[in-house]
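The values are calculated or read from the model by the stated rules, or taken from the named source; none is laboratory data. If you're wondering where the values come from, they're calculated on a predicted model, not measured in any experiment. Every residue, glycine among them, receives a Cβ derived from its backbone with ideal geometry; neighbour counts consider all protein chains shown. Side chains are part of the model used for accessible areas, which takes the heavy atoms of the whole protein and leaves out ligands, DNA and RNA. Shrake-Rupley method; radii C 1.70, N 1.55, O 1.52, S 1.80 Å.
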Amino acid sequence: MKRYKVSAIRFRLMMSTAATLAPASVAPPEQVRSGGRIRSIDALRGLVILLMLVDHAREFFFIHAQVSDPMNLETTSPALFFTRLSAHLCAPVFIALTGLGAWLYGNGRGGGAVGARAASDFLLKRGLFLVVLELTLVGFGWSFSFTPQIIYLQVIWAIGLSMIALAALVHLPRPVLIAVGLVIVLGHNLLDPITIAAGQPGHVLWAVLHDRTLIDLPWGGQVRTSYPLLPWIGVAALGYGIGPWFVGDASLRLRRLVLTGLTALTLLIVLRGLNVYGDPTPWAVQATPLHTVMSVLNLTKYPPSADFILLTLGLGALFLAGLEQAPSRLTGVLAVFGGAPLFFYLIHIYGLHLVYLSALALFGANQGDGFGVPNVAWLWLLAAGVAVPCWYACRWFAGVKRRSPHAWMKYL
């Protein structure tokens, strides 16, 4: 496979302003592929993985300055606000790429109705696998407890259930599937006034679909629906819907990605400017211009509002377009993380937790009964330190997975 080089200047232009919808020179599809994978997709996944790592370092080492959803601008410093804001890209991009990956999987197995059946079968099996993983290895990695008082249903749960829902949706005609995704993403905030109290019929189902709340368990303890599911189904459907762009002309794909990103951000500006619909929390003029910008960008993630998804997927589309034009050295480094995302997710949680316990044992508690770093800059440094061994581990695992003759390895 030939390697291509694009100037750093051109990359910055694409990533920051998407200056042109019809670039003069675009790498053909085979030049962004590596080992049967599309490198730009793995690179984007790797980029958001690193942002996720910073945010999860915050969960362990900055818990004394925990943020709410949306964030409280009176108690959240700009550094912490924008660090948390950068992590908002992670779940939407990850779930959209899950849908895209499912289409590519089906297309590689015949496409059409045959490919849809193959994708549906894979989505169902892997979705169930991820749900079980969330309730076992992932949950234990966060708590290190076999009997936690609260079980948190987080992003792996949401990805797994979104895959199960998408397993049914892939049989729809592509225009209908895209329409369903858009209706869910842009319209689900109309359901915000609906609440179903604990003990009433439908409470558990509504909590899973659209209401971030606690569900009491019959044997004691509670379940926290951290990632209400409905909007994420729409995101996965939209990711699946753009799949055909990635087997056609590369220049056309690039124009579509840039146009999609700019359209999403334009719609965000319109909705946020009207300040009537799109997010449960309207923005307001603050004491300083910076805090006013923070108020505008202070969007609701749980469940993700229409504005939240427009911002994150709009930026995600532009980043993906930029990474298709990026220097191969950069995409190669990022793609190592993105080529083994589930493996990375598991090892980084356990790694951060062990580092935290080691720091607590060595230095003692300095934030109540826990240990915390002094400022946000330390979170980025800590994440960078953890990223290095994770990169080597992901590179090793990708090789193991590639060489393995076992079909079950594809689920990892």
_Criterion: open to solvent by 40 Å² or more (accessible area, probe 1.4 Å), farther than 22 Å from residue 77 by Cβ and either modelled with pLDDT under 95 or part of a helix (DSSP H, G or I) (or both) - qualifying residue of 276, 270, 293_ = 270
*Could you please find all residues in segment 318-350 being open to solvent by 10 Å² or more (accessible area, probe 1.4 Å), within 13 Å of the chain's Cα centre (by Cα) and under 28 Å from residue 252 (Cβ atoms)?*
341
*Of all residues in segment 276-295, which are of a type outside the set (A, V, I, L, M, F, W, C) and farther than 15 Å from residue 186 by Cα?*
281, 282, 286, 288, 289, 291, 292, 295
*asked:* So residue 299 passes all but one of these: (1) part of a helix (DSSP H, G or I); (2) buried (at least 18 other Cβ atoms within 10 Å of the Cβ). Which condition number does it fail?
replied: (1)
_I'd like to verify a number: residues in segment 102-111 that are assigned to a helix (DSSP H, G or I) and surrounded by fewer than 24 Cβ atoms within 10 Å (Cβ to Cβ), how many?_
3
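What helices (runs of 4 or more DSSP H) completely inside segment 312-412 contain at least 3 residues that are in contact with a helix residue (DSSP H, G or I) (Cβ under 9 Å, 6 or more places away or on another chain), modelled with pLDDT of 95 or more and more than 30 Å from residue 263 (Cα to Cα)?
Helices (runs of 4 or more DSSP H) meeting the threshold: 341-363, 376-403.
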*Does at least one position in segment 127-146 carry a residue that is surrounded by 19 or more Cβ atoms within 10 Å (Cβ to Cβ), within 20 Å of residue 346 (Cα to Cα), aliphatic (A, V, I, L, M) and in contact with a Ser or Thr (Cβ under 6 Å, 6 or more places away or on another chain)?*
no
*Read through the list (1) part of a loop (DSSP other than H, G, I, E, B); (2) at pLDDT 95 or above; (3) over 19 Å from residue 164 (Cβ atoms), then give the number of the only condition that residue 254 fails.*
(1)
*Any idea which residue in segment 230-243 is nearest to residue 38 (Cα to Cα), counting only those that are open to solvent by 20 Å² or more (accessible area, probe 1.4 Å) and assigned to a helix (DSSP H, G or I)?*
240
*Only residues that are at pLDDT 95 or above and open to solvent by 20 Å² or more (accessible area, probe 1.4 Å): list them for segment 31-51, please.*
45, 47, 50, 51
*Filter segment 216-229 for residues that are touching a residue at least 60 places away in the same chain (Cβ under 8 Å) and either in contact with a Cys (Cβ under 9 Å, 6 or more places away or on another chain) or open to solvent by 40 Å² or more (accessible area, probe 1.4 Å) (or both) and give the result.*
222, 224
*With the checklist (1) under 30 Å from residue 355 (Cα atoms); (2) modelled with pLDDT of 95 or more; (3) among the hydroxyl-bearing types (Ser, Thr, Tyr) in hand, flag the one item residue 120 doesn't pass.*
(1)
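Specify which of the listed residues (67, 131) is under 19 Å from the mean Cα position of the chain (by Cα) and under 30 Å from residue 282 (Cα atoms).
Being under 19 Å from the mean Cα position of the chain (by Cα) and under 30 Å from residue 282 (Cα atoms) holds for just one of 67, 131, which is 67.
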*Look at segment 371-390 and say how many of its residues are in contact (Cβ under 8 Å) with a residue 60 or more places away in the chain and either under 30 Å from residue 412 (Cα atoms) or open to solvent by less than 10 Å² (accessible area, probe 1.4 Å) (or both).*
8
